[in-house]
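Nothing in this text is a laboratory measurement; each read-out follows from the coordinates by a stated rule. Just so we're clear, the structure is a prediction, and the values are computed from it rather than from any experiment. Reconstructed Cβ throughout: ideal geometry from the backbone, glycine too, with neighbour counts over all protein chains shown.
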């Protein structure tokens, strides 16, 4: 029996183990095959996604039209001079202030709204307790000279004492026989509670009616009227409703004047102007005036 040297045997053993390690093949994991949908299923899925996008875009376009386009269609027509004005009313008028600038009254006297001449004009006079429209006196004078039925209105400031506002209006405005009744233009609450606002408005109305002997006209939009001035004590005052770009009124109560657009154009006035109609006959309108 031949014995190998211990060192040599150990070295051989190490070499054997080394060969054993390197010789063993490594296990490789094969990638799992991707699951693919049948071609028909893939096409159906793509089609469904596209249809969903089309439906979403269509819905957005519909909502934009309903809430962003349709309510202003008449306004755009008015801006481009193609608005159809309310039918069935033959007595037409305007309201003006310094915003209309200097007016060529000779051209305005011959102007028409649709097929009708301008019949009446409301003119801004005062605001609050100390503001006089810079063009009021000229406008008020020339309106009468050119044969228009004229009226004057006061813009109401709720936080200013109503008695002081009435006093200032009566100081600046001197209506004559045949003029339209004075007008209270009330459009803001000033943070007042409805009852307080009504009380203030009635203070102005009572003071001015006492001077001229006719119930003043109340001007405001229909929502403001319903929310704040729709109590029985206001029923005796002629209502001038502001409601733009519609062919019929949503307000169901009685009314005398309707301001139906703020985009009117007329010869003699460079800027846009409010158009109005009177709900009644000329006989009724003259009976409404100051005696």
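Report note on the peptides 263-270, 198-205: ranked by the mean count of other C-beta atoms within 10 Å, highest first, their order is 198-205, 263-270. Taking label points 7 Å from Cα along the Cα-to-Cβ direction, residue 141 and residue 43 give a separation of 8.6 nm. According to the square roots a ≥ b ≥ c of the eigenvalues of the Cα gyration tensor, what is the shape class of the stretch 136-242, taking rounded for a/c under 1.5, prolate for a/b larger than b/c otherwise, and oblate for the remainder? Because a/c hits 1.5 or more and a/b exceeds b/c, the stretch 136-242 counts as prolate.
For the stretch 122-235, DSSP calls about 15 percent of its internal beta bridges antiparallel. For the stretch 88-288, DSSP calls about 35 percent of its internal beta bridges antiparallel.
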